[in-house]
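Chemist: Sharing a structure here in structure tokens format.
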Amino acid sequence: MSATSHDALPESVRALARADFGEVARRFTDAGFAVGLPARGVLTVRGAAAAEDRASVLLSVGVHGDETGPIEMVAHAIEALSREPSALAVDLMLCVGNIDAIAAGKRFIDADLNRMFRAERGDLAGTFEAGRADDLIAATAAFFEGAGARRWHLDLHTAIRGSRYPRFAIVPQLIEEGARNALIGWLGTGGIEAVIMNPASAGTYSYWTAQQHGAAATTVELGRIGTLGRNDLSQFAAMASALHGLLRGAPAGQADTAPIVFDTARSIMKLSDAFRMAFGKDTENFTPLSKGEIIATDGDTVYTVQHDEEFVVFPNPDVRVGLRAGIMVVRADR
Ligand code: ZN
């Protein structure tokens, strides 16, 4: 069954999953906004008059085609906003990442799109997703060109595996400190429990926009993966509410609990086909490991835990050689 053939789907969700912006685009156009469709699956909505102090917000969903929850959440958010278009207080770019994978109900067609945002792609260069990334890179550059200082990118995902913190975010370390703290504070209001500071690109879309365009960018994990139309939207309620405020220019509220901040201790790179991880890819995110424990072996290379306590995130021994097979993180306040 295709991911988009579900009968009970609201039309707004069905449309966004197909990257069909017709109705929404018409409402914003009628309200006097400058509306653009710079690439397949990309919608831009800007105020008619250029305003330097207007924030620019890029929202991306479906970069992994099987992560349908954020597509549903954003479909409802944009549908509601387009019915009161004058409430839109930011310049908005909405991006449906891997449309073809969404239609196929798959994570990707050839290779992970969220590893393509880098200058050198090696043997990934000829893949379907490399071409898609080129389109998104061009549309993203055009969107942020001439944008004001307040630039945001929220790349919304759901996780394959369980997590001790079901809602967490990866934040590039290189974002300017003030903007980074504002982003982390806002993520807390969106129900994000943990934030991982990332010191180096793994080819992700959010790292690219932070590095290339100075955006306060983040990859957000919003809970468990689900089927389009059957997602438990209650797990996204806090984020939906925070988004509602962000798009309408509301001052950021105060989170009940600030996210716990983790630093990246090390990225575990898969160097060869001899790579063996000490645990499976079903291991929960933020599973703790103690000093000296073996994380993985790769021929003569042995990865062991170096701090008193490290936590494993995104463990996946099945990635391609040369890619990241997991991250080890440590509490930043310890
Ligand atoms: Zn994802």
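Chemist: Below 8 Å between Cα atoms, with a sequence gap of 6+, how large is the relative contact order for the chain in percent?
Modeler: 17 percent
Chemist: I've got another one for you. Kirkwood-based Rg over Rh for region 2-247 (C-alpha set), two decimals?
Modeler: With Rh from the inverse mean 1/r over Cα pairs, Rg/Rh is 0.93.
Chemist: Now a separate question. Please work out the FRET efficiency for the pair D263 and A48, using the Cβ-Cβ distance as r and a Förster radius of 51 Å; give the result to the nearest 0.05.
Modeler: 0.70
Chemist: Note down the relative contact order for region 265-331 as a percent, whole number, built from C-alpha pairs under 8 angstrom at least six residues apart.
Modeler: Relative contact order here is 42 percent.
Chemist: Which angle from 0 to 90°, rounded to the nearest 10, does the C-alpha axis of helix 128-144 make with the longest principal axis of the chain?
Modeler: Helix 128-144 and the main axis of the chain meet at about 50 degrees.
Chemist: Next question, about the same structure. Bin by bin, in steps of 10 Å, what percent of the Cα pairs in region 224-304 do you find, going until the bin that has the longest distance?
Modeler: Histogramming region 224-304 at 10 Å steps yields 12, 28, 24, 23, 12, 1 percent.
Chemist: Then there is this: Given the DSSP H assignment, sum -39500 (n - 2.57) over each helix run of at least 4 residues in the chain and divide by its residue total; what's the result at 222 nm in deg cm²/dmol, nearest 500?
Modeler: -7500 deg cm²/dmol
Chemist: Checking the cross-link filter: which lysines have an alpha carbon closer than 27 Å to that of K291, excluding same-chain neighbours under 8 positions apart?
Modeler: K291 reaches K270, K281.
Chemist: Here is a follow-up. Rounded to the nearest 10 Å², what accessible area does E177 have for a 1.4 Å probe in the complete protein model?
Modeler: My reading of the accessible area for E177 is about 120 Å².
Chemist: In the Gaussian network model of the chain, springs joining C-alpha atoms below 10 Å, which of S12, S272, S163 carries the largest mean-square fluctuation?
Modeler: Fluctuation is largest for S272.
Chemist: Can you tell me the dipole magnitude for the chain around its Cα centre, using point charges on the Cβ only (Lys, Arg +1; Asp, Glu -1), in Debye to the nearest 20?
Modeler: For this selection, approximately 160 debye.
Chemist: While we're here: Post the alpha-carbon centroid distance, region 286-334 to region 47-86, in whole angstrom.
Modeler: Centre-to-centre (Cα) distance: 35 Å.
Chemist: Then there is this: Of the candidates S290, S60, S206, which one comes out as most mobile in a Gaussian network treatment of the chain with C-alpha springs shorter than 10 Å?
Modeler: S290
Chemist: I need the semi-axes of the equivalent ellipsoid of region 265-331: take the C-alpha gyration tensor, multiply each eigenvalue by 5, square-root it, list largest first in whole angstrom.
Modeler: Computed over region 265-331, the values are 18, 13, 10 Å.
Chemist: With every protein chain present, what is the per residue accessible area of the chain (1.4 Å probe, Å²)?
Modeler: Per-residue accessible area for the chain comes out at 41 Å².
Chemist: Continuing with the same structure: Ignoring ligands, DNA and RNA, please state the percent of accessible area on the chain from carbon and sulfur, probe 1.4 Å.
Modeler: That fraction is 50 percent.
Chemist: Follow-up. Before anything else, pin down the relative contact order of region 22-128: Cα pairs under 8 Å, at least 6 apart, normalised by residue count, whole percent.
Modeler: 30 percent.
The values are calculated or read from the model by the stated rules, or taken from the named source; none is laboratory data. Just so you know, these numbers come straight off a predicted model, no measurement behind them. Cβ: placed from backbone, ideal geometry, glycine included. Neighbour counts: every protein chain shown. Ligands, DNA and RNA are excluded from the accessible area calculation, which covers all protein heavy atoms including side chains. Shrake-Rupley method; radii C 1.70, N 1.55, O 1.52, S 1.80 Å.
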